[in-house]
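Just below is one structure, and these are the notes that go with it.
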Amino acid sequence: MSDPIQTAVVTGASRGFGRAIAAALVARGTHVVGIARDERELRTVRDELGDRFTPVAADATDEALAQQVIREQRPCLLVLNAGATPHVAPVQEQTWETFSRNWEVDTRHVFTWTGAALREPLAPGSLVLSMSSGAALGGSPLSGGYASAKAAVRYLRQYGAEESERAGLGIRFVTVLPNMTPVGGVGEAGIKGYAARAGVDRETFIEGRQPILHLEQVGKAVVELAGNRDSGAEYRLGGEGLSLIG
Ligand SMILES: NC(=O)c1ccc[n+]([C@@H]2O[C@H](COP(=O)([O-])OP(=O)(O)OC[C@H]3O[C@@H](n4cnc5c(N)ncnc54)[C@H](OP(=O)(O)O)[C@@H]3O)[C@@H](O)[C@H]2O)c1
């Protein structure tokens, strides 16, 4: 990394991708403010990662929280990773509440933190990195509104970058679209659903999707993008690593 990042915020830091990202950043000497709702899980992460990890048990969609954390901590990296586990069922078995679940958490919190990052604003050279999904490219018919919620995350990146440019704020906005992987709760739910639909067991389904994305690669990818001021705007992330879109 060229300039060491002093403070980062990672949403959804208690499990899966977020926990791996927090660990990778702490290992580079970054102070990580980790946000998730379950205080007990966050405390476990704090026990593992030590003083450089500050747990904040809160709902990441809360606008007042976003403003307060940015004002008090002055982060130069926001990793907007928090996400709900989709209700895995075909469209005719969804209710509007289950269908819109990922809009209410994933999209809403990216909307909230993007606005706060531009209004406060973050310091020039800061990075807002949001977690979309490969599902945003091709859809995910068993995941309700998940794919569309993640497509909206891509648009929010674009809108944030345009506003930063117009106001000369110098804030970078990058989106990562990971492949489905069982190492996070979201991917595990999808894999079980798609394996059942294909009539194969979980392990056979995973075998057919090699190389699978691992947690260390997720942490490494975020560290790499944070350190690359000349990065592109959108990347796919799979077992082969990062690849630029477009
Ligand atoms: N795993 C995959 O295959 C995959 C693929 C593509 C994209 N993604 C995306 O990557 C991100 C992480 O996925 P994952 O599989 O690592 O998920 P995960 O293991 O289920 O972890 C989700 C994290 O988000 C937190 N969270 C959920 N709702 C929250 C809220 N309202 N406020 C604050 N924190 C909240 C959870 O903690 P609490 O429940 O305690 O709040 C947890 O820390 C998600 O955005 C997901 O859509 C995952």
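The values are calculated or read from the model by the stated rules, or taken from the named source; none is laboratory data. All of these numbers come straight from a predicted model, not from anything done at the bench. Glycine gets a Cβ as well: all are built from the backbone with ideal geometry, and neighbour counts include every protein chain shown. With ligands, DNA and RNA removed, areas are computed over all heavy atoms of the protein, side chains included. Shrake-Rupley method; radii C 1.70, N 1.55, O 1.52, S 1.80 Å.
For the stretch 45-118, the dipole from Cβ point charges (+1 on Lys and Arg, -1 on Asp and Glu) about the Cα centre works out to 280 debye, to the nearest 20.
Across the protein chains, with a 1.4 Å probe defining accessible surface, the residues Ile5, Ile245 rank Ile245, Ile5 from largest area downward. A 1.4 Å probe over all protein chains sorts Trp103, Trp113 by accessible area into Trp103, Trp113, starting with the largest.
Note: relative contact order over the stretch 145-246, using C-alpha pairs below 8 Å and six or more positions apart, is 25 percent.
Dipole of the chain, Cα-centred, from +1 at each Lys and Arg C-beta and -1 at each Asp and Glu C-beta, to the nearest 20 debye? Numbers along the way, then the final one.
Working: 25 positive and 28 negative charges, 34 e Å.
For this selection, approximately 160 debye.
How much net charge surrounds Gln68 when only other residues with a Cβ under 14 Å from its Cβ are counted (Lys, Arg +1; Asp, Glu -1)?
Working: positive: Arg71, Arg74, Arg119; negative: Asp59, Asp62, Glu63, Glu72, Glu120.
Surrounding charge for Gln68 is -2.
Between the listed residues Val218, Ala189, Ser231, the Cα displaced farthest toward the positive end of the dipole of the stretch 180-234, a dipole computed from Cβ unit charges relative to the Cα centre, is found at Ala189. If R0 is 30 Å, the Cβ-Cβ spacing of His31 and Ala64 corresponds to a FRET efficiency of close to 0.85.
Counting heavy atoms of the protein chains alone, His31 has an accessible area of about 50 Å² for a 1.4 Å probe.
In a shell of Cβ-Cβ distance under 9 Å around Thr112, excluding Thr112 itself, what net charge do Lys and Arg (+1) and Asp and Glu (-1) give?
Numbers: positive: Arg108; negative: Asp62, Glu63.
Around Thr112, the charge tally is -1.
Label zone of Arg71 (point 7 Å out along Cα→Cβ, amide N under 17 Å): in the stretch 95-131 this covers 113-123.
Separation of the stretch 81-159 from the stretch 31-78 is 19 Å, based on Cα centroids.
Taking K and R as +1 and D and E as -1, what net charge do the other residues with C-beta under 9 Å from the C-beta of Gly83 add up to? Intermediate results must be reported in sequence, preceding the final value.
On the way: positive: Lys150; negative: Asp106.
My count for the surroundings of Gly83 gives 0.
What do you get for the angle between helix 185-198 and the principal long axis of the chain? Use alpha-carbon atoms, 0 to 90 degrees, nearest ten. Computed tilt is about 20 degrees. Between 0 and 90 degrees, rounded to the nearest ten: what's the tilt of helix 108-119 against the longest Cα principal axis of the chain? Helix 108-119 sits at roughly 20 degrees to that axis. Label-to-label distance for Glu240 and Glu120 is 3.7 nm, based on points extended 7 Å past Cα in the beta-carbon direction.
The DSSP beta bridges internal to the stretch 108-246 are antiparallel in roughly 30% of cases.
Of the options Ala117, Trp96, Ser243, report the single residue whose Cα projects farthest towards the positive end of the charge dipole of the chain (beta-carbon charges: Lys, Arg +1; Asp, Glu -1). Checking the options against the dipole of the chain, the answer is Ser243.
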